[in-house]
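Participant: A single structure is presented below for examination.
The values are calculated or read from the model by the stated rules, or taken from the named source; none is laboratory data. Everything quoted here is computed from the prediction, not taken from an experiment. Counting neighbours? That spans all protein chains shown, and the Cβs are built from the backbone with ideal geometry, glycine included. Keep in mind that these areas ignore ligands, DNA and RNA; they rest on the heavy atoms of the full protein, side chains included. Shrake-Rupley method; radii C 1.70, N 1.55, O 1.52, S 1.80 Å.
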Amino acid sequence: MKVLVVNAGSSSLKYQLFDMDTEDVIAKGNAERIGIEGSFLKHKANGVETILEKSLSNHADAIKLILETLTDAQIGVIKDITEIDAIGHRVVHGGEHYTKPTLVDEKVISDLRGLVDFAPLHAIPNTDGIIGCVNVAPQIPNVTVFDTAFHSTMPKYAYMYGIPMKYYRDYAVRRYGAHGTSHKFVGQKLAEYAGIDFQNSKIITCHIGNGSSITAIKNGECIDTSMGFTPLEGLIMGTRSGDIDANVIQFLCKKTGYDVNKVTEILNKESGLLGITEKSSDMRDICEMYEKKEPQAVLALEMLAYRIKKYIGSYVAALDGVDAICFTAGIGENTPELREMVLTGLTYLGIDFDRDANYSILRGEDGLITTKNSKVPIYKICTDEELAIARETVEVVSNLKK
Ligand code: ADP
């Protein structure tokens with residue numbers, strides 16, 4: 001079975017075509033600058049990268065070009081689009097209703113349009129990407145895989161905010177979380193590695209990338225996660241502040257003369273690691289500055305590590321124990337310095353950190369970073385959100401055929 005995974009951003013559209021019999025990636029690429037002058041498609045297959053410069057005025061244009069490229073006689077990998085059995089779409093927000101991967105029909109598309117307020121930056125491109133596929137290849141089933149779905153099992157006391165109930169009733173203001181597909185994927189992989197039963201375990205997954213979140217998983221289900229109504233809440237991230245006293249917003253509006261939209265933008269786009277270092281949101285740059293002992297980079301890493309540690313501690317309490325923990329995503333997988341800062345000082349958990357293992361696991365590989373004596377094993381586990389989406393898509397489409 002061949003599955004195309006589509007991840008539509010505001011001006012880009014990433015894709016990967018999987019052969020799901022082997023889970024190999026047959027081709028992948030990215031349509032960039034959609035709706036902007038100078039748009040192009042970067043396509044990679046059989047070890048060759050091709051750049052196709054072509055005007056792409058919307059996401060439907062991008063999908064059309066991608067399908068043409070995949071079936072191209074020279075650089076394509078399939079003869080006809082009918083070889084694609086299903087298309088899986090990453091959708092950032094499913095609201096309260098969409099708690100499982102769902103086959104797309106007209107109602108789903110209209111419901112997704114209604115969810116735009118929850119994730120304005122992502123919801124419109126996500127829906128445009130789906131509509132583009134439906135229009136260009138109506139014979140291929142489309143499946144939406146929601147970033148929020150895995151978190152839908154949180155108990156009410158964990159997802160409600162302490163604000164008047166009517167705002168939940170009228171506008172569904174509550175914690176939804178994000179990165180759910182990744183947390184589920186690495187949680188299952190972690191259980192397998194640690195030799196524990198995912199359905200009968202207490203696991204903490206730390207997805208630390210440009211956007212970061214930590215999730216507490218009990219018996220295979222999410223019971224709490226650090227991102228909230230939007231991805232702004234929780235950890236300090238590349239450019240997001242994470243947890244903050246909400247009164248800071250009004251205070252900054254008063255002091256700076258900015259309106260609430262501007263301050264919200266500052267909290268989302270100018271804060272976090274970028275705001276603290278005043279130089280970069282990218283962990284590779286911050287690690288370089290850290291090595292030179294630049295005080296703001298040292299502080300940024302210390303703040304991030306401290307907050308990860310606090311969330312791990314609080315989720316150990318929420319789970320009433322923990323069987324295994326893992327680090328994943330761009331920073332979680334590739335920054336041993338940060339993992340060391342988080343894991344030294346968790347001795348109360350009986351964690352015996354293995355410094356050598358932490359620094360020697362290769363890029364792209366999974367591995368244990370605690371010793372055999374550690375009461376709680378901690379792993380570095382590589383995430384693969386596209387493969388996770390492809391697997392969920394296969395499940396939905398296979399159930400259709402039953
Ligand atoms: P997102 O999917 O949220 O955009 P990623 O999971 O790709 O983010 O993570 C991006 C972050 O990972 C960036 O801060 C980047 O610097 C960091 N990162 C990626 N590779 C490395 C590396 N080799 N060493 C340190 N940090 C890395």
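Participant: Can you tell me which residue is farthest from the chain's Cα centre (by Cα) among those in segment 332-361 that are within 11 Å of the ligand (Cβ to nearest atom) and open to solvent by 20 Å² or more (accessible area, probe 1.4 Å)?
Facilitator: E337
Participant: Follow-up question, since we're still on this one. Go through segment 316-331 and count every residue that is away from the ligand (no atom under 11 Å from the Cβ) and in contact (Cβ under 8 Å) with a residue 24 or more places away in the chain.
Facilitator: 11
Participant: Next question, about the same structure. Taking segment 378-402 on its own, how many of its residues are open to solvent by 30 Å² or more (accessible area, probe 1.4 Å) and out of contact with any Pro (no Cβ under 9 Å at 6 or more places or on another chain)?
Facilitator: Residues meeting the conditions: 10.
Participant: Give the residues of segment 174-183 that are closer than 16 Å to Y98 by Cα and assigned to a helix (DSSP H, G or I), sorted by residue number.
Facilitator: Scanning segment 174-183 gives G180, T181.
Participant: Would you say H151 is within 14 Å of the ligand (Cβ to nearest atom), in contact with a helix residue (DSSP H, G or I) (Cβ under 9 Å, 6 or more places away or on another chain) and under 26 Å from A390 (Cβ atoms)?
Facilitator: no
Participant: Let me ask you something else. Step by step: first the residues of segment 141-173, then only those that are free of Cβ contacts under 8 Å to residues at least 12 places away in the same chain and in a loop (DSSP other than H, G, I, E, B), then the one that is surrounded by the fewest Cβ atoms within 10 Å (Cβ to Cβ). Which residue is that?
Facilitator: Looking at the filtered set, the residue picked out is G162.
Participant: Next question, about the same structure. Would you check which residues across segment 225-247 are open to solvent by 50 Å² or more (accessible area, probe 1.4 Å) and without any contact (Cβ under 8 Å) to a residue 40 or more places away in the chain and list them?
Facilitator: Matches in segment 225-247: R240, I244, D245, A246, N247.
Participant: Same structure again: Working carefully through the options I236, I223, I214, find the one that is within 13 Å of the ligand (Cβ to nearest atom), in contact with a helix residue (DSSP H, G or I) (Cβ under 7 Å, 6 or more places away or on another chain) and not aromatic (F, W, Y).
Facilitator: I236
Participant: Please give the helices (runs of 4 or more DSSP H) falling wholly within segment 229-331 in which 1 or more residues are under 24 Å from the mean Cα position of the chain (by Cα).
Facilitator: 260-269, 272-277, 283-291, 295-319
Participant: Of the residues that sit in segment 42-82 and are touching a residue at least 24 places away in the same chain (Cβ under 8 Å) and open to solvent by 60 Å² or more (accessible area, probe 1.4 Å), which one is nearest to E386 (Cα to Cα)?
Facilitator: N46
Participant: When the residues of segment 285-312 are narrowed to those that are touching a residue at least 40 places away in the same chain (Cβ under 8 Å) and more than 16 Å from the ligand (Cβ to nearest atom), which ends up farthest from L274 (Cα to Cα)?
Facilitator: The residue in question is I312.
Participant: Looking only at segment 191-211, how many residues end up being assigned to a loop (DSSP other than H, G, I, E, B) and either on the phi > 0 side of the Ramachandran plot or within 16 Å of the ligand (Cβ to nearest atom) (or both)?
Facilitator: 4
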